[in-house]
Amino acid sequence: MTDTDDAPPAPPIDPGLYDRVQATLETAGPLPAVEALCRELERSEDYANLFFALLMKKRVALGVPPFPTGSSTELPPGTHEEYEEAIRQAGRHVGQALLKRGEIPKAWSYYRMLGEPGPVKDALTSYVPGPEADIYPIVEVAWQHAVHPEKGFDLILDRHGVCSAITMSHSSDLASNPTLRDYCIKRLIRALHEQLLERLRGDLETRGITAPPDVTITRIIAGHPEMFAEDVYHIDVSHLSSVVQMALHLSSGPELDLARELCLYGTKLSPNLQGDAEPPYENTYADYKIYLDVLAGENVDAALAHFRAKIAPALEDMNTTPAEVFVNLLLKLDRVPEALAVAKEFLSTVEDRQLNCPGVSELARRVGDYRALAEVSKAKADPVNYLAGLIAARS
């Protein structure tokens, strides 16, 4: 439990310290000498050495060899838990002292050893970097070590902008943490929306037009088509594309509405700025907006018909993505029986592990349609799940 490879290096030692602790040892004995050393190290803020001095203090009290990195076999029977507790107390003492100094990465080396991220997470929550502060060691603790990933994302977005934050989110498996994924997506949407609105207002001002304080992107787009001459854009179009695609993961809420405005802006860009996308998003921002409209509860039936119509043409090219997207869209609407029907019609011959949506087998189990599960299993030459489906259907 004393793995401190990442512990901070000790500051220079006061040469007089050696004479003082030796004198205490000769006049008062080992334990007072260790206690004197701990006081000296605390006073000089030499926390790396203080940690080991505190362990040495416990070993001296136990009457075992004083070397703090010694083997646990040197401890008397029945004292292992007592010594483990001494390690925990020493780590907390040093970690808390480092947190008070604002040295979060150094403090983390001790709390990580103890498996106690709570104090460091609290410190990260209140952390406000100065203008010249190097935030990357803090981001490493917060994001890479997952102590407070939301804070790490905030630091990158606020300091280095949308591009770096998008790169950060794409470099991690956010699908395994939907809560964090939604947090990052919402912050990106708000940041990009704010940037776009500010630049659209600036464009209007250069044209001698003062926009009202409560103007929206939708109102600006509707009232000023002249702003969208060929190849004109107001924000990085790669950022726009990335953030809008990430927004497809959201549920209804204010950020979803902001994302729909971003899509609306994207539809006004010249075609060569909208980029190329595969079905069912071959019309890029127009299709993205229709999808987001469904999530917002608007024009649902028409939007579903829009995406369903894309399935058959894509299947002619052996492309099942539109069918998979449609199944996922139905599931977002909690229309599980409909999703099962679509999967049975268009995806029954595809192995579930090859799909980006739940397959027929999983959907059949969700709705309790075990005969459908048996039918699909038979079609896939899967006798085990075929019989399992028949047995489940009987019961």
Open item on the list: Of everything in the range 325-340, what is farther than 18 Å from residue 281 by Cα and touching a Phe, Trp or Tyr at 6+ places or on another chain (Cβ under 9 Å)? Give them in sequence order.
Closed with: 339
TODO: Hey, can you tell me all the residues within the range 339-361 that are surrounded by fewer than 16 Cβ atoms within 10 Å (Cβ to Cβ) and in a helix (DSSP H, G or I)?
DONE: 345, 353, 354
Open item on the list: Of the conditions (1) of a type outside the set (Val, Ile, Thr); (2) in contact (Cβ under 8 Å) with a residue 24 or more places away in the chain; (3) not in a helix (DSSP H, G or I), residue 92 satisfies every one except a single condition; which number is it?
Closed with: (3)
Open item on the list: Between a residue in the range 373-395 that is assigned by TED's automatic domain parsing to the domain that holds residue 341 and of a type in the set (A, V, I, L, M, F, W, C) and any residue that is in a loop (DSSP other than H, G, I, E, B) and surrounded by fewer than 17 Cβ atoms within 10 Å (Cβ to Cβ), which pairs come within a Cβ distance under 8 Å, given they are 6 or more apart or on different chains?
Closed with: 376/348; 379/348; 379/349
Task: Counted residues, the range 264-283 - those being over 18 Å from residue 325 (Cα atoms) and not aromatic (Phe, Trp, Tyr) - done: 11
Open item on the list: I want to confirm something. Restricting to the range 368-395 and keeping residues that are over 13 Å from residue 344 (Cα atoms) and loosely packed, with under 14 Cβ neighbours inside 10 Å, which single residue is farthest from the chain's Cα centre (by Cα)?
Closed with: 394
Open item on the list: Can you pull out every residue in the range 113-165 that is over 24 Å from residue 97 (Cα atoms) and aromatic (Phe, Trp, Tyr)?
Closed with: 153
Open item on the list: I'm told residue 48 meets every condition in (1) of a type outside the set (Ser, Thr, Tyr); (2) in a helix (DSSP H, G or I); (3) surrounded by fewer than 18 Cβ atoms within 10 Å (Cβ to Cβ) except one. Can you identify the failing condition by its number?
Closed with: (3)
- [ ] Kindly indicate which of 110, 18 is out of contact with any Cys (no Cβ under 6 Å at 6 or more places or on another chain) and either surrounded by 15 or more Cβ atoms within 10 Å (Cβ to Cβ) or touching a residue at least 60 places away in the same chain (Cβ under 8 Å) (or both).
- [x] 110
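The values are calculated or read from the model by the stated rules, or taken from the named source; none is laboratory data. This structure is a prediction, so every number in the text was calculated from the model and none was measured. Cβ sites come from the backbone with ideal geometry, for glycine too, and all protein chains shown count toward neighbours.
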